[in-house]
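For reference, the structure is listed below as structure tokens.
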Amino acid sequence: MSAIASAWKRLPWWVEPMTVVLVLGFFGLYSFVIIALFPGTFQQFVSPFYSPEVPLPNWMPGFVTAPMLVLWIPLGFRATCYYYRKAYYRAFFFDPPACRVDVQQKDRFWAGKNAAEGYRGERALFVWNNVHRYFLYASIIVVLFLWYEAFVTLFGPQGFQISIGSLLWFLNIVLLSAYTFSCHSFRHLIGGNKDCYSCIRGGNARRKTYNFVSRLNLKHPQWAWLSLFSLLATDIYLRLLQTGVITDLKIIG
């Protein structure tokens, strides 16, 4: 891993933002096409893009599908995430395109900005990023449904089973949980807003929880990318099952 990291750092500065553009662009396009055109269940498996399953009101326009009523929550959570903000600001808006000083100086020169003017903050359209904590609250509910659906995968048509699919569903929800609960807003919620733990009821337990979340938070960018790829892998696995390209291999059951 260290060799890969060293090789990555030697690449031109524009490789990272370009990679982010391609990956996030593909993820957005893929998720939209999937929820707009394809079913999201196969036997006991439910695609994470379709969770939780909600009924579609009759008065909805024809182009609206049931997953669209829910998917805006996890997508909004990611779009307003502190880490993803940095990623797409650099990748899609080149503001700044990289951390290197020479790159930022060139960016300011061509834009007619100086160091003080270069930062525009969460203004205009992007002021909506400040509702990130509310997306967190809603995303926690979605995560709970995903845990439930991961346990449902253990009960197939013939009863209890452990299969490749069920392991993949559990891996996905573990990574999604790590990403969700390593969030800066969650860290603040469970203890970051307190100056004295010994002054509050249950302060010791809260301090330990805060320290645990803080350790998770150190890897928040990694959890973000790993959970994004696990979402794609889980949904693609479901599509392969639907089309009969593969069968779900049972390990126990």
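The values are calculated or read from the model by the stated rules, or taken from the named source; none is laboratory data. Bear in mind the structure is a predicted one, so any value in this text is a computation, not a measurement. Virtual Cβ from ideal backbone geometry, glycine too; neighbours counted across all protein chains shown. These area figures cover heavy atoms from the full protein model, side chains too; ligands, DNA and RNA do not enter into them. Shrake-Rupley method; radii C 1.70, N 1.55, O 1.52, S 1.80 Å.
A few notes on this one:
- In this structure the amide hydrogen of G156, modeled in the peptide plane, comes within under 5 Å of the amide hydrogens of Q161, none closer than 5 places in sequence on its chain.
- Extension gain for the segment F212 to R133, taken as residue separation times 0.36 nm less the Cα-Cα distance, is 26.5 nm to one decimal.
- Using a probe of 1.4 Å, the accessible surface attributed to W223 totals some 60 Å² when neighbouring protein chains are kept in position.
- Environment charge of Y179, counting only residues whose C-beta is closer than 12 Å and scoring Lys/Arg +1, Asp/Glu -1: +2
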